[in-house]
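Take a look at the structure set out below.
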Amino acid sequence: MKNIKLFKDHNEVWYTGEDILNKLKEVGAHECDVLFVHTDVAFGIINPGLKRKQYLGCLYEILQELNVGTLVFPAFTFSFCNKEIYDVKNSRTFMGALNEYIRNQPGVVRSIDPILSMISAGDKANLFDHIGKNSLGINSAYDILHQQENVKFLFFGAEIGECFTYIHYVEDIMRVPYRFDMSFSGAIIDEEGNRFEDEYKLYAGVPVLSQHVRIILRIIY
């Protein structure tokens, strides 16, 4: 991984896995116990000699090489909002190619939240086993994350203004007047294949209309 040329920039400069790992360490990404990672892997021109899974695998390996206790990634599906069944093992995430790749790797655990699920790997892979039914507020995955010590957020190619969902958790806790609770119900298929009906809340900022829900939720997110 370390010596593989992954991508090049507009100046034709190539970057290896080691280059990326060193840069992550320069910003202190490894100096925490829990690292929450927002991703956007469109860094530059990808090496055409690498297959898609090879490239994504190298990026995941780089993050693992940080030797952080626990890695956490958003794996949102908005399943109930879209009137879809949430299948913990099989529902794809809308959070990018790298997150979807990681979701399917050994040792990665996914939370049961049918709106804003999380995936985690490492010492606390089961960190979100006992989440509540509020996707943003008390007992949500973000609330559990807030209770941990030595947590950092990493924007791995992503822009902070585009995807810092944690701020909506703060808005929920503060009960800001421009958002409100919306309830969504549907079916969940858990890790063991058991199907059951359930209901979750989301602290939304605009009316959610089913026929346009993906566009609207993209704005909320």
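Since every read-out is calculated from the coordinates, none of them should be taken as a lab result. All values derive from a computational prediction rather than experimental measurement. A quick note on method: Cβ atoms are made from the backbone with ideal geometry, for glycine too, and the neighbour counts reach across all protein chains shown.
Structure values in brief
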{"read-out": "Mean shadow area of the range 38-167 over all directions, Cα convex hull, nm²", "value": "8.4"}
{"read-out": "Point-charge dipole on Cβ atoms (K/R +1, D/E -1) for the range 5-220, about Cα centre, debye to 20", "value": "580"}
{"read-out": "Pair Q64, D40: separation of 7 Å Cα→Cβ label points (nm)", "value": "2.7"}
{"read-out": "Cα-based helix-to-principal-axis angle, 52-64 vs the chain, degrees rounded to 10", "value": "90"}
{"read-out": "Cα centroid of the range 48-96 to Cα centroid of the range 143-201, whole Å", "value": "16"}
{"read-out": "Amide H contacts of G186 (H built 1.01 Å from N, under 5 Å, at least 5 apart or other chain)", "value": "D198"}
{"read-out": "Per-residue [θ]222 nm for the chain (sum of -39500 (n - 2.57) over DSSP H runs n ≥ 4, rounded to 500)", "value": "-7000 deg cm²/dmol"}
{"read-out": "Difference of contour (0.36 nm per residue) and Cα-Cα distance, S183 to F153", "value": "8.0 nm"}
{"read-out": "Listed pairs K25/K124; K8/K51; K83/K133; K5/K53; K5/K51; K83/K201 exceeding 20 Å between Cα atoms", "value": "K25/K124"}
{"read-out": "Within-14-Å neighbourhood charge of I138 [Cβ basis; K, R +1; D, E -1]", "value": "-2"}
{"read-out": "Where only alpha carbons of the range 62-125 are counted, the Rg and the Dmax (Å)", "value": "11.8, 39"}
{"read-out": "For q = 0.07, 0.08, 0.09, 0.12 Å⁻¹, Debye-computed log10 I/I(0) when each Cα of the chain counts as one equal scatterer", "value": "-0.23, -0.30, -0.38, -0.67"}
